[in-house]
Amino acid sequence: MEDFKSKSKTLGIGTLSLIFSIIAIMCSFTYIGDGTRPVGAVVLNSMNIYGATSIVSVILFLISLFIGIKYTQNIGAKSGKILSTFFIVLIIVLTILSL
């Protein structure tokens, strides 16, 4: 029982990796209204920032990736790292295909 307790992960800074990944996914891949505007565009437009949704998403994914790599001992750090890596690659591939 003592071995299990010593190997269990706790909440910490690494948990923010998963949270940032979810926010970035919502920012770029979740649409509201008639399905043409991502949530990130609506939020940024309300702050008078236009056209920067993909930049903000990539920045959030990179922050999530960095936190997931640095703080691997926390709950959600590995999941956040995997999600952010997958979506960074997806955004790069989609950007290349759209050229």
Task: Odd one out for Ser98, checked against (1) in contact with a Lys or Arg (Cβ under 7 Å, 6 or more places away or on another chain); (2) surrounded by fewer than 16 Cβ atoms within 10 Å (Cβ to Cβ) - done: (1)
Task: Breaking point among (1) farther than 24 Å from Gly12 by Cα; (2) without any contact (Cβ under 8 Å) to a residue 60 or more places away in the chain, for Leu60 - done: (1)
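Each value in this text was obtained by applying a stated rule to the coordinates, not by laboratory testing. In this text the structure is predicted, and so the values were computed from the model without any measurement. Counting neighbours? That spans all protein chains shown, and the Cβs are built from the backbone with ideal geometry, glycine included.
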